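Inspection log for the structure reproduced underneath, given as structure tokens.
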Amino acid sequence: MKIYNTLSKRKEEFIPLEEGKVKMYVCGPTVYNLIHIGNARPMIVFDTVRRYMEHKGYEVNFVSNFTDVDDKIIKKAIEEGVEASVVSERYIAECKKDMKAMNVKEATTHPKATEEICGMLDMIGTLIEKGHAYAAEDGTVYFRTRSFQGYGKLSHKNLDDLQGGNRSLLVTGEDQKEDPLDFVLWKPKKEGEPYWESSWCDGRPGWHIECSVMSKKYLGEEIDIHAGGEDLIFPHHENEIAQSEAANGKPFAKYWMHNAFLNIDNRKMSKSEGNFFTVRDISEKYDLQVLRFFMLSAHYRSPLNFSAELMEAAQNGYERIVTSVGNLGYLLENTATVTLKEEESGLLEQAKGFITSFEEAMDDDFNSADAIAAIFDLVKFANVHANAGSSKEFLKGLKDEILLLSDICGLIVERKQEMLDRDIEALIGERQAARKAKDFKRADEIRNELLEKGIILEDTREGVKWKRA
RNA sequence: GGCGCAGUAGCCAAGUGGUAAGGCAAUGGUCUGCAACACCAGUAUCCACCGGUUCAAAUCCGGUCUGCGCCUCCA
């Protein structure tokens, strides 16, 4: 299995620190609002990475945080006149709902920044002891960036370029830094803000220290994979490396993975441009499985454009898989043949090739677009070879294979068949009688009536089938 | 100014040296009372443009044009 590592800028063979186990940390959202579809990309992408690794037999310890103390959360809390924790708890709950609908698995641990303050104070203390950090007069603690030799190794920047391009933005406190590149580890509270006591001042942590600490606590000082959106490469992940490696004295993460951005109509998504969508917005119009399918149809390191037209196309593509599984399920229930026929066992053997193609694609830096192409090839194969005369074993073999590959992608492709109401069943029966008597007027009336109730009928070679709209 | 990414059919998108996957849409056909589903068929002599390397390039090198991202909170 090869993974593109931002650190080396190339694909590398994945070798876990500990055989059979993967320690993985994904930077999670700041919970000040409903998550947007840009937040959804890393969630879906890295959930798929995790699922694939589990499929390959790895035991994955997957940690993803919630940043629940931050300027934006505090601002919102003040606007609403409530505690910051009320805002953050609310949006953590909402975020979890969205994740569930996208079929993103729960992390092994979902730490919250506010519950890890002790660890942060410890690490900041260590950094000061080792000379990598210093407290200014007002109690703000800064990381001494130039004291860490490897600074810039992830984003491939050198310190002098950074300074050269540095705009003269002397924000409050900027003048008390030893160097403009130094960044905040701990900052003093302002009136009305949540704070914690420390030996430097009553205050709260800087953003970067959170992840260094949570990663260390739940995964250890050295981890396999650290992931997030590409915008986090600098400064967030660069700073995490500096903090963790300076404090622990060992390499932080072995592989750094970053997903590219999701754009809206070829523009970066932003509230000011009015092209901002929350996952909740999308869920009103589409099954979020469609969003997931859409995200996986491109490579995670390529920018992906979002538009209504593209979502329609994704929906149709996704439906093709769902329909095929539905057909196989229907045939399975209705076939009389049980045991595998000879030619079927050959076909089933042939169908295993699609699993191989799928795995080859995923092994190559999680090429989900190619992997999905393998699923489509399998769907085509099933559509061509499965029919009313097929054996149960054969049909089940094909269906299970589609289900297996879809599940690795986190795609739910099997519709739950709820029991039909007695009335609806009666109507379908009546329509069949009408069709037999060539009373198509009545037959269409019934079909339209059912359509209004959200039941779509399809007359296939195998019989009448229905699905919910 | 510094660093980096991308440009493949109407749309989306794989493919990083051996002669263009897959999906959506559209077209013709089979099936069907009709519709939907499904299947079959053809569908880029060519991968932004120019030059170079090579027996061989969408794939490597140089240049040009275009779009985009990061360098500041941001997935």
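On average, how much area does the Cα convex hull of chain A cover when viewed from any direction, in nm²? Present the calculation step by step, with values, prior to reporting the outcome.
On the way: hull surface 108.2 nm².
The directionally averaged projection comes out at 27.1 nm².
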Whole-Hz couplings from phi, Karplus 6.51/-1.76/1.60, listed for segment A:10-25; x for Gly and Pro: 8, 6, 10, 5, 7, 10, x, 4, 10, 4, x, 10, 10, 9, 9, 10
Point-to-point label distance, residue A:352-residue A:301, nm (Cα→Cβ direction, 7 Å offset): 3.2
Evaluated over segment A:243-316, the Cα radius of gyration and Dmax, each in Å: 16.9, 52
Label point distance in nm, residue A:71-residue A:159, each placed 7 Å from Cα along Cα→Cβ: 2.5
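Calculate, in nm to one decimal, what residue A:268 and residue A:280 gain on full extension: separation in residues at 0.36 nm each, minus their alpha carbon distance.
Working: separation 12, 0.36 × 12 = 4.32 nm, distance 1.91 nm.
That pair, residue A:268 and residue A:280, stretches by 2.4 nm at full extension.
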Over segment A:169-280 - Rg/Rh using Cα atoms and the Kirkwood inverse-distance radius: 1.03
Computed FRET value (nearest 0.05) for residue A:176 with residue A:231, which takes r as the C-beta separation and R₀ as 30 Å: 0.60
In Hz, Karplus ³J(HN,Hα) per residue of segment A:303-313 (6.51, -1.76, 1.60; θ = phi - 60°; x = Gly, Pro): x, 10, 9, 10, 7, 4, 4, 5, 5, 4, 4
Whole-percent pair-distance distribution, where bins are 10 Å wide, for the alpha carbons of segment A:326-372: 23, 31, 30, 16, 1
Long-range amide H partners of residue A:255 with built H, under 5 Å: A:225, A:226
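Let me check something: with ligands and nucleic acids excluded, how do A:456, A:402, A:78 order by accessible area (1.4 Å probe), largest to smallest?
A:78, A:456, A:402
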From phi via Karplus (6.51, -1.76, 1.60), per-residue ³J(HN,Hα) for segment A:342-357 in Hz, x at Gly/Pro: 4, 5, 5, 5, x, 5, 5, 4, 4, 5, 4, x, 5, 5, 4, 4
Stokes-Einstein translational diffusion, segment A:286-365 - Kirkwood Rh over all Cα pairs, 1.002 mPa s, 20 °C, in µm²/s: 137
Extended-chain gain in nm, criterion 0.36 nm per residue less alpha-carbon gap, residue A:197 and residue A:109: 29.1 nm
Cα→Cβ-extended label distance, 7 Å offset, between residue A:440 and residue A:404, nm: 4.5
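Beyond a 29 Å Cα-Cα separation, which of these cross-linked pairs lie in this structure: A:396/A:465; A:21/A:112; A:285/A:352? Write down the numbers at each step before the final one.
Working: A:396/A:465 19 Å; A:21/A:112 24 Å; A:285/A:352 36 Å.
From A:396/A:465; A:21/A:112; A:285/A:352, over 29 Å: A:285/A:352.
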5 angstrom amide H check on residue A:4, placed H, neighbours 5+ away: A:12
Interchain or long-range residues, amide H under 5 Å from residue A:186's placed H: A:141, A:206
Column: log10 I(q)/I(0), Debye, Cα scatterers of segment A:211-368, q = 0.09, 0.11, 0.16 Å⁻¹: -0.53, -0.73, -1.07
Binned Cα-Cα distance frequencies in segment A:27-133 - 5 Å width, integer %: 2, 11, 18, 18, 16, 14, 11, 7, 3, 0
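The values are calculated or read from the model by the stated rules, or taken from the named source; none is laboratory data. Every value quoted in this text rests on a predicted model; they were computed, and no experiment measured them. Glycine gets a Cβ as well: all are built from the backbone with ideal geometry, and neighbour counts include every protein chain shown. In case anyone asks, the SASA skips ligands and DNA or RNA and just uses the protein heavy atoms, side chains included. Shrake-Rupley method; radii C 1.70, N 1.55, O 1.52, S 1.80 Å.
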